[in-house]
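To keep things clear, I will list the structure first and then write my remarks on it.
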Amino acid sequence: HLAVEIFASAEDFLKRAPYDGPSCLVLDLHLSGLQGLELQEVLAERNQQIVFLTGEGGVPACVEAMKAGAVDFLTKPVDDEKLLAAVNVALARSVNSRKTSEVRASAHFRLDSLTKRELEVMRLVIAGLLNKQIADELGAAEKTVKIHRGRVMTKMHVSSVADLVRMAEIAGVKPGTSSGQRLIHDGGH
């Protein structure tokens, strides 16, 4: 079951508060006032899923829309099944995008709970350093590093280094030394 809303113009659509749920915008390329591609650009930060419709589908406009993230670009008259299929793809992407955003927000929230030292330890752990190497890098006791590492694992809600690496990747944390340089290991040779 799909709920449908119709707007007379792009401006009318923009006056409405963003829908808080999975959504898809079926958008005509040629509108009065703000054009379809211009509206797509305005909506880019909302990550709005868009299916374009046009009566005169020029290749350049189609390419521009698709490069900017459109789900599909259909030429009128549109086959009902093709339109429904495109809308379903867009809604699935919308659901996935929301889940990804929630996971990223959760990762950032957890990351914000780390102290500066814990973040340094985390970056060294995800770079593959052992506790002793981290202690040497930071000029700290190995026992202190173990404590920080345990706090990192607890605060990040992970139980393995592999999970920590995934969480760091989601949060945009790069592995490296405390000085910010990425480490390359030669396997101890």
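The values are calculated or read from the model by the stated rules, or taken from the named source; none is laboratory data. Given the structure is predicted, the values throughout are model-derived calculations rather than measurements. Here Cβ is always computed from backbone atoms with ideal geometry, including for glycine, and neighbour counts include all displayed protein chains.
Tabulated data for the structure shown
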quantity: Residue check, residue 69 surrounded by fewer than 17 Cβ atoms within 10 Å (Cβ to Cβ), touching a residue at least 24 places away in the same chain (Cβ under 8 Å) and not assigned by TED's automatic domain parsing to the domain that holds residue 163; calculated: yes
quantity: The lone exception for residue 21 - which of (1) farther than 30 Å from residue 151 by Cβ; (2) surrounded by 12 or more Cβ atoms within 10 Å (Cβ to Cβ); (3) within 17 Å of the chain's Cα centre (by Cα) it fails; calculated: (2)
quantity: Test for residue 121: is it under 26 Å from the mean Cα position of the chain (by Cα), at pLDDT 95 or above and buried (at least 17 other Cβ atoms within 10 Å of the Cβ); calculated: yes
quantity: Region 7-59, subset part of a loop (DSSP other than H, G, I, E, B) and charged (D, E, K, R), residue modelled with the highest pLDDT; calculated: 16
quantity: Which numbered condition residue 85 misses (of (1) small (Gly, Ala, Ser); (2) more than 30 Å from residue 163 (Cβ to Cβ); (3) at pLDDT below 90); calculated: (3)
quantity: Which listed residue, of 135, 127, is touching a residue at least 40 places away in the same chain (Cβ under 8 Å), at negative phi, buried (at least 18 other Cβ atoms within 10 Å of the Cβ) and small (Gly, Ala, Ser); calculated: 127
quantity: Selected residue (criterion: nearest to residue 152 (Cα to Cα)) from residues of region 91-114 that are polar (S, T, N, Q) and without any contact (Cβ under 8 Å) to a residue 12 or more places away in the chain; calculated: 106
quantity: Yes/no for residue 127 being under 30 Å from residue 70 (Cα atoms) and modelled with pLDDT under 95; calculated: no
quantity: Filter result (surrounded by fewer than 14 Cβ atoms within 10 Å (Cβ to Cβ) and either part of a helix (DSSP H, G or I) or charged (D, E, K, R) (or both)) within region 73-84; calculated: 76, 79, 80, 81, 82, 84
quantity: Within region 117-141, tally of residues that are in a helix (DSSP H, G or I) and more than 20 Å from residue 171 (Cα to Cα); calculated: 8
